[in-house]
Every structure is written in C-alpha cells, then in structure tokens.
Amino acid sequence: MILRLLLILYCFPSIQVKENKILVKQLPMLVVCNNEVNLSCKYTYNLFSKEFRASLYKGADSAVEVCVVHGNYSHQLQFQSNTGFNCDGKFDNETVTFYLWNLSANQTDIYFCKIEVMYPPPYIDNEKSNGTIIHVKENHLCPAYWCPDYLKQYWALVVAIAVSALYSVVVTVALSTCWMKNKRNRVLQSDYMNMTPRRPGLTRRHYQPYAPARDFAAYRS
C-alpha cells in the first residue's frame with residue numbers, strides 16, 4: 001500500500017505558481033508511532049483581513065474531508081471534523097497545522113491540504129499539492145523510543161536525576177571542605193597554645209640552717 005501511495009505522490013506534476021493561485025508545500029511523508037500526528041502546510045499568500053477556509057483531505061482523489069477550519073483573523077478559529085476524525089490545529093499567516101489523534105493503521109493514506117480565499121472576491125484556492133503520506137504504524141510494531149511522549153518523559157527523568165546527583169555532590173564536597181578546614185584550624189590553634197612561653201613561677205629557696213662553728217681548741221685546753 002505504501003508503494004502505491006508513493007507512486008501516486010510522485011506522479012503528481014510539480015506545482016506551478018499561477019495567477020490567483022496559492023502555493024502549498026507539505027512534507028512528503030510522516031510516520032505515526034503514537035497514533036497522533038501534526039501535519040503542517042506552508043502556503044504563500046497573505047490571508048490577513050480575508051475570509052478563508054483551510055481543509056485537509058484524505059485519499060488520492062481527496063474524497064474524505066478530514067478536518068476543516070473556516071473564518072478570519074478577527075475571530076477565534078475552530079477546527080472540526082465531520083467524518084469522525086479527532087482533529088484540532090492552529091493557523092498563522094504562513095502555515096496551517098492540523099493535529100490528528102487516535103489514528104489507526106487503516107487510516108494510512110495520502111493527505112492533501114487545501115487553502116481557499118472565500119471573501120473578498122475573487123475566489124482563490126491552491127493548486128493541488130504533492131500531498132503527505134501519513135503512515136500509521138500498529139502499536140506492537142512501533143519501538144517505544146519512536147514515541148515523542150516517551151522521549152520527553154525519559155529525558156526529563158534523566159535530567160532531573162542528573163541535576164539532583166550533581167547538587168548532592170556539590171553540597172557534600174562543600175560541607176566536607178568546611179569541616180576539614182574547621183578541624184585544621186582547631187588543631188593549629190591547640191598547637192599554638194601549647195607552644196606559648198610561660199613565665200616561671202616563684203620558687204622557694206631552701207636555706208641550710210645556720211650553725212656556729214665550734215672552737216675545738218678551747219675544749220682541749
């Protein structure tokens with residue numbers, strides 16, 4: 001089926017910019033792994049102050065209108081589907097983006113964007129673009145790392161763990177450094193106190209008792 005769609009995609013003639021025509025560019029292919037997709041359609045026309053209609057069609061003959069928005073920039077735009085698709089989107093002066101979710105594998109097909117200027121006259125629309133093949137994969141055939149939500153959650157968790165680990169290491173090193181420095185200062189202060197010269201205290205002198213010398217000659221006489 002994908003080969004048939006690729007053949008249809010490249011069999012369309014190149015888009016020619018003609019008078020009173022809008023040029024629309026789309027990606028050639030999108031692979032859907034989590035049942036949702038954003039399809040952006042870039043166009044070359046100034047829709048400011050005009051009433052326009054932007055729609056997304058499914059199939060080589062554009063038989064199914066998937067999603068549509070109608071209005072102008074003075075009112076809030078509402079995307080809707082009349083064919084059972086879940087759709088939303090956003091619109092600016094260069095791009096219209098269709099957001100589809102709850103897609104299934106049997107909705108794999110080629111999708112075309114269409115931009116129309118409804119008012120003021122004259123009516124203008126775009127040449128049929130080459131379209132975008134949206135390939136919706138079955139969940140059991142889709143690697144987990146392909147899913148954007150999984151990637152976001154995974155990397156958010158990795159970053160949070162890394163930041164927490166780095167913070168813990170920095171705090172631990174800082175506290176250890178302060179503790180070692182304080183300990184060293186206390187040791188140096190203790191050694192300084194022990195080496196400080198002290199004034200010797202008064203000591204008592206021990207005097208020998210005085211005894212008069214005896215005259216032994218007097219005893220002999």
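Conditions (1) part of a helix (DSSP H, G or I); (2) surrounded by 10 or more Cβ atoms within 10 Å (Cβ to Cβ); (3) modelled with pLDDT of 70 or more; (4) of a type in the set (Asp, Glu), marked per residue:
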residue	(1), (2), (3), (4)
Lys114	no, yes, yes, no
Ser164	yes, yes, yes, no
Thr172	yes, yes, yes, no
Pro197	no, no, no, no
Tyr207	no, no, no, no
Tyr210	no, no, no, no
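State whether one or more residues within the stretch 84-97 are surrounded by 15 or more Cβ atoms within 10 Å (Cβ to Cβ), closer than 17 Å to Glu36 by Cα, out of contact with any His (no Cβ under 8 Å at 6 or more places or on another chain) and in contact (Cβ under 8 Å) with a residue 60 or more places away in the chain. Among the residues of the stretch 84-97, not one is surrounded by 15 or more Cβ atoms within 10 Å (Cβ to Cβ), closer than 17 Å to Glu36 by Cα, out of contact with any His (no Cβ under 8 Å at 6 or more places or on another chain) and in contact (Cβ under 8 Å) with a residue 60 or more places away in the chain, which makes the answer no.
Scanning the stretch 21-59 for residues being surrounded by fewer than 16 Cβ atoms within 10 Å (Cβ to Cβ), not in a strand (DSSP E or B) and not charged (D, E, K, R) gives a total of 7.
The values are calculated or read from the model by the stated rules, or taken from the named source; none is laboratory data. Here the structure is a predicted model, which means the values were calculated and not measured. Glycine gets a Cβ as well: all are built from the backbone with ideal geometry, and neighbour counts include every protein chain shown.
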